[in-house]
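Notes follow the structure.
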Amino acid sequence: MKRAHGIWLFIGCAALAVAPAGLAKESAPAPTAAGAAPSVPPAKAAARTILFIGNSFTQGAHSAARNWGADKVTDLNGTGYGGVPALFKAFCEQAGLAYDVSLETQGGKSLGFHYDERRARFDRAWDVVVLQEHSTLDRDRPGDPTNYLRDVARLAALFRAHNPAVEIRLASTWTRADQTYQPAGKWYGKPVTAMADELRAAAERARDADPAIAAIVPIGQAWNRAMAAGVADPNPYDGIAYGQVDLWAYDHYHASIAGSYLAALVTFGAITGVDPASLGPHEKGADQLGLGKHQAVALQKIASDELNSRTINPR
């Protein structure tokens, strides 16, 4: 009996000695075929770089949009502005698009100023560039596109030298109420749509003159559409109608939060090809800036309708 007990004890010990080796063999990774590299997850595509050059209109001056989202974009002047570029960035993130957004802006200045005084700050390769001219084209000669045409060409040549495939877009801005409803205004007595349409015509001339210009961003036409559709009030000097937004800030010149939001929506749709209406009622920028869900959706639809009403890219 003692001998049988010893035999079973010997067998049990042997089993315990073998078990760890078996477990180690099961948990080890499968061998890689000779000469084969281990599998590596695919790298993410690099974000597209986009530069906004402009003035207080791009900054979102005189509204809470100016500094909103500044931590998400790169201000090449270090002034901490967010504005339209930051809203564009927020829309891209919500749409799952990777854009590295930078801006170089100076209130009250023309594109010529940026070329002459600031070009060292942006003289490099970009994937997309958005150019926004002075609100009246020429400060001293409102409506005169001469310098605008020259400066668009100079900037386009600079960016094309670094990246021949750069997409250059011209932001065609909005009618200023002070220039339309006040006697000293260049567009006094004309329809509220007139100034934006003249700015658009100048942008078309610049585009047609230079093959480097990819397209126009029709911000002013979206503002006109918002007023025609009853989403926005066309005359801030006689009060704002119930249920409508005021696209202008308190000076009836710059954009309000709603105006900058609409400008950013049009810019986003024109550049990315994503329908602004797809952002929907829970879009984060509108909520954080204090726009109601119904206002955000109404402005998204205006931007969508404007972009869908015309072909954006053909020359």
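Fully extending the segment from Ala120 to Thr146, taken as 0.36 nm per residue of separation minus the present Cα-Cα distance, adds 6.9 nm. Seen from Gly292, the other residues with C-beta closer than 15 Å to its C-beta sum to a net charge of 0, counting Lys and Arg as +1 and Asp and Glu as -1.
Suppose the chain between Arg154 and Ala45 were pulled fully straight at 0.36 nm per residue; how much longer would it get relative to their current alpha carbon spacing?
Working: separation 109, 0.36 × 109 = 39.24 nm, distance 3.10 nm.
The span from Arg154 to Ala45 would gain 36.1 nm if fully extended.
Which of rounded, prolate or oblate describes segment 191-315 when judged by the alpha-carbon gyration tensor and an a/c cut-off of 1.5? Taking the square roots of the gyration eigenvalues as a ≥ b ≥ c, segment 191-315 is oblate. Simple spin-label estimate for His294 and Lys186 gives 3.8 nm between the two label positions (7 Å along the Cα-to-Cβ direction from each Cα).
Accessible area per residue for segment 230-279, computed on protein heavy atoms with a 1.4 Å probe, is 34 Å². Taking 0.36 nm per residue of sequence separation and removing the Cα-Cα distance, the Asp305/Lys284 pair yields an extension gain of 5.4 nm. Relative contact order for segment 100-164: 39 percent, from Cα pairs under 8 Å spaced at least 6 residues apart, divided by residue count. Note: relative contact order over segment 185-315, using C-alpha pairs below 8 Å and six or more positions apart, is 24 percent.
Counting only residues at least eight positions apart within a chain, or on another chain, the aspartates and glutamates with an alpha carbon under 15 Å from that of Lys186 are Asp138, Asp140, Asp144, Asp178, Asp197, Glu198. Scoring 171-179, 106-114 by mean Cβ neighbours within 10 Å over their residues and listing the highest first yields 171-179, 106-114.
For Ala255, the amide hydrogen comes within under 5 Å of the amide hydrogens of Ala249, counting only partners 5 or more places away or on other chains and with H modelled in the peptide plane. Between Thr49 and Asp100, Asp127, Val128, the built amide H atoms are under 5 Å apart, and every one of these is 5 or more places off in sequence or on another chain. Taking 7 Å steps out from each Cα toward its Cβ at Ala165 and Asn67 produces label points 4.0 nm apart.
Rounded to whole numbers, the Karplus 3J(HN,Hα) couplings from phi for segment 194-208 are 5, 4, 4, 5, 5, 5, 5, 4, 5, 5, 5, 5, 5, 5, 5 Hz, using 6.51 cos²θ - 1.76 cosθ + 1.60 with θ = phi - 60°, and x at Gly and Pro.
The values are calculated or read from the model by the stated rules, or taken from the named source; none is laboratory data. In this text the structure is predicted, and so the values were computed from the model without any measurement. Virtual Cβ from ideal backbone geometry, glycine too; neighbours counted across all protein chains shown. Areas reflect the complete protein model, heavy atoms only, side chains present, ligands, DNA and RNA absent. Shrake-Rupley method; radii C 1.70, N 1.55, O 1.52, S 1.80 Å.
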